[in-house]
1. Decide, for region 2-42, between rounded, prolate and oblate: order the square roots of the alpha carbon gyration tensor eigenvalues as a ≥ b ≥ c, take rounded if a/c falls under 1.5, and otherwise choose prolate if a/b is larger than b/c, else oblate.
2. Using R₀ = 22 Å, calculate the FRET efficiency as 1/(1 + (r/R₀)^6) where r is the Cβ-Cβ separation of residue 130 and residue 17; round to 0.05.
3. Could you pull the Rg and Dmax for region 61-140, using just the Cα atoms, both in Å?
4. With contacts defined as alpha carbon pairs under 8 Å and 6 or more residues apart, what's the relative contact order of region 2-42 in percent?
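Bear in mind that the values in this text are calculations on the coordinates, not laboratory data. Values in this document were obtained by computation on a predicted structure and should not be read as measured data. All Cβ positions, glycine included, derive from the backbone under ideal geometry; neighbour counts span all protein chains shown.
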């Protein structure tokens with residue numbers, strides 16, 4: 001959303017984004033730098049401009065899925081972790097029983113899920129950063 005501000009030097013009206021309120025703004029007419037205040041008048045938009053843009057996340061689940069705005073992998077990481085942990089346990093037990101190698105089997109059982117957990121946490125961290133940045137972007141618009 002935009003608001004209309006007036007340059008204190010040349011008295012020209014400017015439209016600026018609302019997130020720039022309180023920040024220094026440069027007049028496009030005279031180049032004067034001034035601080036935009038919050039008591040300015042919002043710019044009225046036409047009804048067509050206020051409709052939801054189909055390119056923004058959250059308009060429809062299918063659209064978000066089709067355009068890769070809805071991340072599936074973020075939800076599957078937990079399932080992959082538990083499946084990997086079960087596989088480590090199974091392979092560790094097979095190593096102990098079939099090959100009579102207690103050390104390697106215990107290493108697989110203990111270290112496997114730990115390493116897998118670290119990899120999954122970093123993967124989830126990337127998706128959470130993406131979600132946070134998307135949220136910040138939507139608040140700025």
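1. Here region 2-42 falls in the prolate category.
2. The formula returns an efficiency of 0.45 here.
3. 18.2, 61
4. Relative contact order comes out at 41 percent.
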